[in-house]
Amino acid sequence: MYNQEIKNRIKISVAAFAYEYLNSPIMSDADFDSLSQQIDITKQTGNKTLDTFFEKYFTPDSGMWIHKHPDKTKLEYLYREYYNG
């Protein structure tokens with residue numbers, strides 16, 4: 001089942017990872033801010049670990065929450081596969 005919340009969380013996480021860890025932004029600050037405002041931490045996606053992570057750490061006004069993300073290896077893979085080919 002397609003879930004826009006999952007898609008948005010993945011995209012915002014990869015963007016925050018690219019910016020915070022790789023100094024390689026994949027979107028403008030305005031686009032990041034706009035997408036951040038769309039994240040709904042109250043929505044359950046079926047991934048308990050990531051749902052809990054977003055509820056506990058996500059803040060729309062910063063990307064610093066990415067430092068506590070439970071699967072940075074996956075974020076790096078997604079960045080390298082889709083944004084830094």
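In table form, for the structure just shown:
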| quantity | calculated |
| --- | --- |
| Residues of region 41-55 satisfying the condition of being exposed (fewer than 13 other Cβ atoms within 10 Å of the Cβ), modelled with pLDDT of 95 or more and not hydroxyl-bearing (Ser, Thr, Tyr) | Lys48, Glu55 |
| Which listed residue, of Lys7, Lys68, is modelled with pLDDT of 95 or more, of a type outside the set (A, V, I, L, M), out of contact with any Phe, Trp or Tyr (no Cβ under 6 Å at 6 or more places or on another chain) and surrounded by fewer than 16 Cβ atoms within 10 Å (Cβ to Cβ) | Lys7 |
| Criterion violated by Ser28 - all others in (1) buried (at least 16 other Cβ atoms within 10 Å of the Cβ); (2) more than 15 Å from Asn84 (Cβ to Cβ) satisfied | (1) |
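The values are calculated or read from the model by the stated rules, or taken from the named source; none is laboratory data. Since the model is a prediction, treat every value here as computed from it, not as a measurement. Heads up, the Cβs are rebuilt from the backbone with ideal geometry, glycines too, and the neighbour counts pull from every protein chain shown.
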